[in-house]
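J.: Structure provided below as structure tokens; questions to follow.
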There are 2 protein chains.
Amino acid sequence: MKEDSKSNIPTSVIKRLPKYRRHLKNFLGELDKISSSELSKCTGFSSSQIRQDLSRFGNFGHKGYGYDVQSLYDEISEILGIRTRYNLIIIGAGNLGQALFYYYNDKEDFINVLGLFDVNPKIVGLKMKGKEVYDIDYLTEFLANNSVDLVALCVPRRAVLEIYKSLSVSNIKGIWNFAYVDLPEHDKINVKNVHLSDSLLTLAYRIKNIE
Amino acid sequence: MKEDSKSNIPTSVIKRLPKYRRHLKNFLGELDKISSSELSKCTGFSSSQIRQDLSRFGNFGHKGYGYDVQSLYDEISEILGIRTRYNLIIIGAGNLGQALFYYYNDKEDFINVLGLFDVNPKIVGLKMKGKEVYDIDYLTEFLANNSVDLVALCVPRRAVLEIYKSLSVSNIKGIWNFAYVDLPEHDKINVKNVHLSDSLLTLAYRIKNIE
DNA sequence: TAGATTGTTAATCGATTAACAATC
DNA sequence: TAGATTGTTAATCGATTAACAATC
């Protein structure tokens, strides 16, 4: 990694990295090497863009040869910071919270689900695949006594502010927010607002205007 | 709407429209008018950008006054194409499919959920809020006999290809795809790939690199 | 070696911001 | 009217693409 350029990587570049990684993952064990033009075919990004994106982080390729699939995969994983493990809690154990739970629990190496939180007495205390659903009232204490890195926030809009109060004074590093409100900026906590409804609206636009 | 510029609106502009609309919605009934600089404060986009975005679609503002909240909200809804109603089916009635169902069923005017589809015999035949969970084998027939506009695709990756075959020869207008594969381009069907995992990875990057 | 393909520089293209005349 | 704020043009900034020397 080029130390000096670390923090001025444009967001547009970062957003492409997961897609590179996803396709490389498909080729693991199948291909030894891949060229930027082959990677272009499956990702849809231009080969020129791919080469320029990658060269921001180092010289991963070999002239006249291409990129080693396994090591490029590893490098991108490293850049994304997912060769370490993050402890995650899921707040809101409704359908969306459970969907994320079943998707990430024991499936992705870099995610370790510590537990879920909810207000609903009917599900508080249940165990899902060995992980407990805690009462939301226990959140602050839990945050104080456990090393939580990431929070997936899957609660209704009206519940967000109260929960955010607890989160904002904790040591968590990031919030993956699915509630349909933009969470405010925070000095120490990175927030990723995922607004599913917004993506549906852009699809609606395309349906209407681009036939 | 400026007829001639309709189809060359950049994606970057379209992506901002849902956020404008969301904040305007919050102001409905509270405020009569809003200026681009007030809208800038709550959305985080610059007032200059807001004015330029909006002016692509028409002269919605009044000099020296600002924008009428209600009518700007209506105009943006019109631009996004959500003043008509779309018939939606949800394929895959697991946690994610159900989450979308409970969120959109009878809540958003522009979405009308016709039903859900699944392979699991345990849930096929169930009714959720009056809407049935159909057997996936019934999909092709259903598509032929009903006017389906939109499909939310919430099935595991391995099930996607088979389902896509049916969808690609139907009259649907759009696919909101949550499966972790990129669906191919299609002449008549707009595809919106929502890769939640990719957004988690970009959050991981920020946690590692931007403190 | 000859062919292939990277990494990088320069050129192009597009998107954002600044500024201000028009005008309510 | 005077103050406020739009819509639009021009300037700036950033991102993508094209081209090619370096070299495996």
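The values are calculated or read from the model by the stated rules, or taken from the named source; none is laboratory data. Worth saying up front: this structure is predicted, and the values here are computed from it rather than measured. In this analysis, Cβ positions are derived from the backbone assuming ideal geometry, glycine residues included, and neighbour counts consider all displayed protein chains.
J.: Here are the criteria: (1) at pLDDT below 95; (2) surrounded by fewer than 11 Cβ atoms within 10 Å (Cβ to Cβ); (3) within 16 Å of DNA strand D (Cβ to nearest atom). Tell me which single one A:P10 does not satisfy.
T.: Of the numbered conditions (1) at pLDDT below 95; (2) surrounded by fewer than 11 Cβ atoms within 10 Å (Cβ to Cβ); (3) within 16 Å of DNA strand D (Cβ to nearest atom), the odd one out for A:P10 is (1).
The rows are residues; the columns are (1) within 11 Å of DNA strand D (Cβ to nearest atom); (2) under 22 Å from A:V181 (Cα atoms).
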residue	(1), (2)
B:K41	no, yes
B:F45	no, yes
B:I50	yes, yes
B:S55	yes, no
B:H62	yes, no
B:G66	yes, no
B:L72	yes, yes
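J.: Next up: Condition first: hydroxyl-bearing (S, T, Y) and not in a loop (DSSP other than H, G, I, E, B). Now tell me which residues in segment A:143-178 satisfy that. Reasoning before the result, please.
T.: Keep residues of segment A:143-178 that are hydroxyl-bearing (S, T, Y), which gives A:147, A:164, A:166, A:168, A:170.
Listed by number, the residues that qualify are A:Y164, A:S166, A:S168.
J.: Among (1) among the charged types (D, E, K, R); (2) part of a loop (DSSP other than H, G, I, E, B); (3) modelled with pLDDT of 95 or more; (4) surrounded by 13 or more Cβ atoms within 10 Å (Cβ to Cβ), where does A:K122 come up short?
T.: (4)
Residues are listed down the side, and each one gets a yes or a no for (1) hydrophobic (A, V, I, L, M, F, W, C); (2) farther than 18 Å from B:A204 by Cα:
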site: A:G29; (1), (2): no, yes
site: A:S36; (1), (2): no, yes
site: A:C42; (1), (2): yes, yes
site: A:Q49; (1), (2): no, yes
site: A:Y73; (1), (2): no, no
site: A:L80; (1), (2): yes, no
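J.: Another question about this same structure. Looking only at segment A:184-196, count how many residues are surrounded by fewer than 17 Cβ atoms within 10 Å (Cβ to Cβ) and at the interface with chain B (Cβ under 8 Å from one of its Cβ atoms).
T.: Total meeting the criteria: 1.
J.: If you don't mind, another one. Answer yes or no as to whether A:D187 is closer than 25 Å to B:Y103 by Cβ and assigned to a loop (DSSP other than H, G, I, E, B). Spell out the reasoning first.
T.: On the way: closer than 25 Å to B:Y103 by Cβ: no; assigned to a loop (DSSP other than H, G, I, E, B): yes.
It is false that A:D187 is closer than 25 Å to B:Y103 by Cβ and assigned to a loop (DSSP other than H, G, I, E, B).
J.: Within segment A:146-169, is there a residue that is more than 10 Å from chain B (Cβ to nearest Cβ) and closer than 30 Å to B:I9 by Cβ?
T.: Within segment A:146-169 (the criterion being more than 10 Å from chain B (Cβ to nearest Cβ) and closer than 30 Å to B:I9 by Cβ), the answer is yes, since at least one residue qualifies.
J.: Of all residues in segment B:68-87 being among the polar types (S, T, N, Q) and at pLDDT 95 or above, which is nearest to B:T140 (Cα to Cα)?
T.: Residues of segment B:68-87 that are among the polar types (S, T, N, Q), as a first pass: B:70-71, B:77, B:84, B:87.
Keeping just the survivors that are at pLDDT 95 or above gives B:70-71, B:77, B:87.
Numbers: B:Q70: 41, B:S71: 41, B:S77: 32, B:N87: 16 Å.
Per the stated criteria, the residue is B:N87.
J.: Mind telling me which of the residues A:K208, A:K173, A:K107, A:K192 ends up being in contact with a Gly (Cβ under 6 Å, 6 or more places away or on another chain) and of a type in the set (D, E, K, R)? I'd like the intermediate steps shown before the answer.
T.: Details: A:K173 fails: in contact with a Gly (Cβ under 6 Å, 6 or more places away or on another chain); A:K107 fails: in contact with a Gly (Cβ under 6 Å, 6 or more places away or on another chain); A:K192 fails: in contact with a Gly (Cβ under 6 Å, 6 or more places away or on another chain).
Matching residue, one of A:K208, A:K173, A:K107, A:K192: A:K208.
J.: How many of the residues in segment B:125-142 are assigned to a loop (DSSP other than H, G, I, E, B) and more than 14 Å from chain A (Cβ to nearest Cβ)?
T.: Here is the first cut: in segment B:125-142, the ones assigned to a loop (DSSP other than H, G, I, E, B) are B:125-126, B:129-130.
Next, from what is left, pick out any that are more than 14 Å from chain A (Cβ to nearest Cβ): B:125-126, B:130.
Number of matching residues: 3.
J.: Can you name the residue in segment A:57-77 that is more than 8 Å from DNA strand C (Cβ to nearest atom) and touching a residue at least 24 places away in the same chain (Cβ under 8 Å) and, of all such residues, is farthest from the other protein chains (Cβ to nearest Cβ)?
T.: First pass over segment A:57-77, keeping only residues more than 8 Å from DNA strand C (Cβ to nearest atom): A:57, A:68-77.
With the extra rule that they be touching a residue at least 24 places away in the same chain (Cβ under 8 Å), the set shrinks to A:57, A:68-70, A:72-73, A:76-77.
Details: A:F57: 11, A:D68: 21, A:V69: 18, A:Q70: 19, A:L72: 15, A:Y73: 13, A:I76: 9, A:S77: 9 Å.
If we take residues in segment A:57-77 being more than 8 Å from DNA strand C (Cβ to nearest atom) and touching a residue at least 24 places away in the same chain (Cβ under 8 Å), then A:D68 is farthest from the other protein chains (Cβ to nearest Cβ).
J.: When you go through A:A99, A:A93 one by one, which is the residue that is in a loop (DSSP other than H, G, I, E, B), more than 16 Å from DNA strand D (Cβ to nearest atom) and under 30 Å from A:V160 (Cα atoms)?
T.: That would be A:A93, the only listed residue that is in a loop (DSSP other than H, G, I, E, B), more than 16 Å from DNA strand D (Cβ to nearest atom) and under 30 Å from A:V160 (Cα atoms).
J.: On to the next question. Quick check on this structure: which one of A:I50, A:I90 is within 30 Å of A:L139 (Cα to Cα) and more than 11 Å from every other protein chain (Cβ to nearest Cβ)?
T.: Working: A:I50 fails: within 30 Å of A:L139 (Cα to Cα).
Every option except A:I90 fails the conditions.
J.: Please work out which one of (1) closer than 24 Å to B:N209 by Cβ; (2) touching a residue at least 40 places away in the same chain (Cβ under 8 Å) is the condition A:R22 fails and give its number.
T.: Against the list (1) closer than 24 Å to B:N209 by Cβ; (2) touching a residue at least 40 places away in the same chain (Cβ under 8 Å), A:R22 comes up short only on (2).
J.: Just wondering, is there one or more residues in segment A:18-35 that are more than 13 Å from chain B (Cβ to nearest Cβ), within 8 Å of DNA strand C (Cβ to nearest atom) and either among the polar types (S, T, N, Q) or touching a Lys or Arg at 6+ places or on another chain (Cβ under 8 Å) (or both)?
T.: For segment A:18-35, residues more than 13 Å from chain B (Cβ to nearest Cβ), within 8 Å of DNA strand C (Cβ to nearest atom) and either among the polar types (S, T, N, Q) or touching a Lys or Arg at 6+ places or on another chain (Cβ under 8 Å) (or both): present.
J.: For segment A:99-119, enumerate the residues that are surrounded by fewer than 13 Cβ atoms within 10 Å (Cβ to Cβ) and not acidic (D, E). It would help to see each step written out before you state the result.
T.: Of segment A:99-119, the ones surrounded by fewer than 13 Cβ atoms within 10 Å (Cβ to Cβ) are A:106-107, A:109.
If the condition is that a residue be surrounded by fewer than 13 Cβ atoms within 10 Å (Cβ to Cβ) and not acidic (D, E), then A:K107 is the only one that fits.
J.: Let me ask something else. What is the residue count in segment A:144-162 for residues that are without any contact (Cβ under 8 Å) to a residue 60 or more places away in the chain and over 20 Å from A:N95 (Cβ atoms)?
T.: Residues meeting the conditions: 5.
J.: For A:K122, are the conditions met, namely being of a type in the set (K, R) and either touching a strand residue (DSSP E or B) at 6+ places or on another chain (Cβ under 7 Å) or at positive phi (or both)? So that I can check it myself, show each step before the final result.
T.: Details: of a type in the set (K, R): yes; either touching a strand residue (DSSP E or B) at 6+ places or on another chain (Cβ under 7 Å) or at positive phi (or both): no.
No.
J.: Out of everything in segment B:36-47 that is within 14 Å of chain A (Cβ to nearest Cβ) and touching a residue at least 24 places away in the same chain (Cβ under 8 Å), what residue ends up being nearest to DNA strand C (Cβ to nearest atom)?
T.: Ranking the qualifying residues of segment B:36-47, first place goes to B:F45.
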